[in-house]
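One structure is given here, and the rest of the page talks about it.
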Amino acid sequence: MGVRDDAEAIAPELVRLRRDIHREPEIGLHLPGTQDKILDALEGLPLEISVGTALSSVTAVLRGGGAGGAGALGGDALSGDALSGDAKGPVVLLRGDMDALPVAERTGLDYASQTEGVMHACGHDLHVAMLAGAARLLAARQRDLPGTVVFMFQPGEEGHAGARHMIAEGVLDAAGQRPVAAYALHVASAELPAGVCSTRPGPMLAAAEILEVTVRGHGGHGSQPHLAADPIPVACEMVTALQTLVTRKFDVFDPVVITVGTFHAGTVDNVIPDEASFLATVRTFSPAARDRVRESALALLGGIASGHGVTVSAGFRDGYPVTVNDAAETRFAARVAAELLGEERCLAQPDPLTGAEDFSFVLEQVPGAYLMLGACPPGADPATAPNNHAADAVFDDSVLSAGAALYAELALQRLSL
Ligand SMILES: [Zn+2]
Ligand SMILES: [Zn+2]
């Protein structure tokens with residue numbers, strides 16, 4: 001039987017695993033319950049398993065018995081360390097993230113979260129089930145597998161840079177040699193119909209950083225602003241000036257998004273406070289724009305503050321870099337997806353997504369591709385269904401076998417090149 005049929009056969013188990021994880025979501029880098037469920041699901045498979053120390057990650061290595069492929073994609077000679085002649089063959093990494101979000105679930109599903117205020121609202125529960133399924137499918141083919149597969153079960157995608165921690169703990173060297181390619185799938189509760197996949201070469205998701213700003217003036221009586229140095233109008237001016245910066249200083253075809261998400265100052269109506277502070281998320285789609293926005297935003301804020309005789313402390317907290325899909329790996333992955341799901345169910349994504357991903361840290365070191373997989377429930381319109389991170393977002397289980405098969409085929413076919 002083919003991978004797709006085998007995946008269909010284990011679909012009920014994948015649904016069960018996914019729903020178990022959905023019922024007991026965990027946030028951040030420490031997800032002991034989710035880790036246990038993964039270890040249970042991998043039990044008995046011929047894998048070398050290690051767990052993280054700084055985070056509750058699971059790394060599983062499956063070593064094939066077959067002779068290795070060259071590890072290079074067609075004539076592109078993609079990877080300098082192509083492993084031709086090495087009997088162990090090349091290494092491919094597959095990644096699934098594990099963490100949930102601080103969202104109070106409102107789906108009404110019978111397997112809804114049992115943990116108050118925590119929900120798998122980004123579908124990472126599906127990623128875990130699909131990746132565990134792929135481990136099953138590939139383990140069954142171990143003897144003929146022409147190389148090694150690293151399964152990267154990763155906590156802390158939602159703002160905790162779990163991928164960076166796993167890289168620091170050696171996930172990219174788990175097989176003893178670097179992967180020639182890395183792939184990640186991400187489900188979407190809206191925008192794409194169930195089972196439809198989309199990707200693009202080059203920038204796939206934005207870089208995201210946090211801009212932290214505190215304006216310091218001097219407080220006083222609200223009726224006598226001339227005797228104080230009021231930080232509030234200065235901070236307000238900064239908020240609007242940042243929008244002008246975006247539209248006047250950056251190429252519309254290399255866009256920048258700055259959104260001020262918090263703004264705090266003062267206590268009562270007639271007291272001028274000492275300080276005003278705000279936080280903004282800053283999204284860019286190229287390393288050049290990312291560098292330039294840092295420099296120009298800080299210069300702008302400093303100029304506004306000094307013009308009004310107050311001081312400002314501002315800085316960027318490191319976030320996630322741009323997620324860049326390798327062109328050749330993306331072509332390869334799209335072809336595999338089209339063969340598996342059908343040509344009409346594999347779309348070329350026109351623009352990058354404005355969200356951000358810590359798989360970007362992996363793709364900084366290993367060429368690879370990140371693909372979206374539609375999981376919009378039947379009967380819902382992908383254009384209007386609640387999207388990822390919404391309290392009523394529903395991800396359809398029917399895509400689990402397709403996702404597991406896609407992970408497995410990506411590894412299988414990439415190792416066979
Ligand atoms: Zn998310
Ligand atoms: Zn996500």
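Computed from the coordinates by the stated procedures, all read-outs in this text should not be read as laboratory data. The structure displayed is predicted, hence computed values, not measured ones. Cβ coordinates were reconstructed from backbone atoms using ideal geometry, including for glycine residues, and neighbour counts include every protein chain displayed.
Please determine, in degrees from 0 to 90 and to the nearest 10, the orientation of helix 400-415 with respect to the longest principal axis defined by the Cα atoms of the chain, where the helix direction is its Cα long axis. Approximately 70 degrees, to the nearest ten. A Förster radius of 56 Å, combined with the Cβ-Cβ distance separating Ala9 from Thr262, puts the computed FRET efficiency at roughly 0.70. Scalar couplings 3J(HN,Hα) for the range 205-216, obtained by applying the Karplus form with A = 6.51, B = -1.76, C = 1.60 to θ = phi - 60°, are 9, 6, 7, 10, 9, 9, 9, 10, 10, 10, 9, 10 Hz; x denotes Gly and Pro. Note on the range 273-417: Kirkwood radius taken over Cα pairs, Stokes-Einstein applied at 4 °C and 1.567 mPa s, translational D equal to 68 µm² s⁻¹. Measuring how big the range 135-182 is from its alpha-carbon positions, Rg and Dmax come out at 12.8, 39 Å. Between Glu237 and Ile49, the C-beta separation translates, for a Förster distance of 56 Å, into a calculated FRET efficiency of about 0.50. With a cut-off of 17 Å on the backbone N, the residues of the range 176-194 near the modelled label site 7 Å out from Ala380 along Cα-Cβ are 186-194. Remark on the range 129-214: ratio of C-alpha radius of gyration to 2.2 N^0.38 Å is 1.38. Computed from Cα atoms, the angle from the helix 287-307 axis to the main principal axis of the chain rounds to 10 degrees. So if we plug the beta-carbon distance of Ser306 and Thr354 into 1/(1 + (r/R0)^6) with R0 = 22 Å, what FRET efficiency do we get, rounded to 0.05? After rounding, the FRET efficiency stands at 0.10.
Springs between Cα atoms under 10 Å define the GNM used for the chain, and in it the highest mean-square fluctuation of Ser313, Ser401, Ser360 occurs at Ser313.
Taking the alpha carbon gyration tensor of the range 169-313, multiplying each eigenvalue by 5 and rooting it gives semi-axes of 42, 17, 17 Å, largest first. For the chain, the fraction of alpha-carbon pairs lying more than 31 Å apart is 43 percent, rounded to a whole number. The DSSP beta bridges internal to the chain are antiparallel in roughly 65% of cases.
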